[in-house]
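> Okay, here's the structure, questions in a sec.
The values are calculated or read from the model by the stated rules, or taken from the named source; none is laboratory data. It should be emphasised that the depicted structure is a prediction, and the values quoted were computed from it without experimental measurement. Virtual Cβ from ideal backbone geometry, glycine too; neighbours counted across all protein chains shown. For accessibility, only protein heavy atoms count, side chains too; no ligands or nucleic acids. Shrake-Rupley method; radii C 1.70, N 1.55, O 1.52, S 1.80 Å.
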Amino acid sequence: MSIDPREKTVLFIDGANLYATSKAIGVDIDYRRLLAEFQSKAYLLRAYYYTALVEDQEYSSIRPLIDWLDYNGFTVVTKPAKEFTDASGRRKIKGNMDIELTVDALEMSQYYDHLVLFSGDGDFTALVAALQRKGKRVTVVSTLTTPTPMIADDLRRQADFFMDVADLAKTVGRTPPPERASAPAERAAPVDRAMATADHKGS
C-alpha cells in the first residue's frame, strides 16, 4: 500500500463500480476488514460509500448494507435512483453518483493529503488531476486482471498510485459462497448491480 502513515487519508467508494469490479474477479469485499486494513496502515480520517437507492421499492435489498456501513464506521451518501424506459421499451435504472463524489472530494480537499478512490470510471480523471493540482496524492483502486479492463486507461495513468482489487482482496476479500444468502454487510445489492451495468465506463 503506497500510503504514508502520516498522511491524512480518505476513502471514496463508488459503490456500483466496486460491486461490478469485485464480482468480475469473483470476490466479496468484507467492508469491516477493508476499514481495518486502511486504519492499520494510514491516518484514516473517513471512509465514504456512494450509492443510489430505488425510491419506490417497499424494501430495497441494499438497505441492510447501507445500514450496516452507516453503523460501522462508513459515511454513506445516497440519492434516489431514477427508473426510466429506454427507446426499446426496457426498464433501466439511472443512479450515477459521480457529481456528488466529485463535489465532496473537492470541498474536503483542504482536510486530507491522500485520497483513495475505489472506481475505474474514466469520468474521474479530471477530478484526480484537479486534486493533484492542489498538492494531493491519489490512489485509484480497480482491477487489470479481467479480460476487459475495469479501469479506464486515462484514469490509471493520471493517478499517483494504482491498487488492484485482486491484490487487496487477499486481505479484505472472500470467495462468495454458492447458493447462500450472505450477511447484510457483504450482501450484493441489485441496484448497485443494475447501475454498475448501466454506468460502467471502464474503457
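> Going by average Cβ neighbours within 10 Å, how do the peptides 15-22, 65-72, 42-49 rank, with the highest at the top?
In descending order of packing, they fall as 15-22, 42-49, 65-72.
> Which trypsin sites (Lys or Arg not before Pro) does the range 1-38 hold that lie in a coil by DSSP with at most 14 other beta carbons within 10 Å? Working shown, then result.
Numbers: sites: ARG6, LYS8, LYS23, ARG32, ARG33; in loops: ARG6.
Those that pass, being in a loop and sparsely packed, are ARG6.
> Which loop-located trypsin sites (Lys or Arg not before Pro) does the range 98-156 contain, where loop means any DSSP state but H, G, I, E or B and the Cβ has at most 15 other Cβ atoms within 10 Å?
The qualifying sites are LYS134.
> Which links in LYS136/LYS170; LYS23/LYS82; LYS23/LYS134; LYS79/LYS136; LYS134/LYS170; LYS8/LYS82 stretch past 29 Å when you go from one Cα to the other?
Listed pairs above 29 Å: LYS23/LYS134; LYS134/LYS170; LYS8/LYS82.
> Let me ask something else. Leaving ligands, DNA and RNA out of it, work out the accessible area of GLU7 with a 1.4 Å probe and give it in Å² to the nearest 10.
Answer for GLU7: close to 30 Å² accessible.
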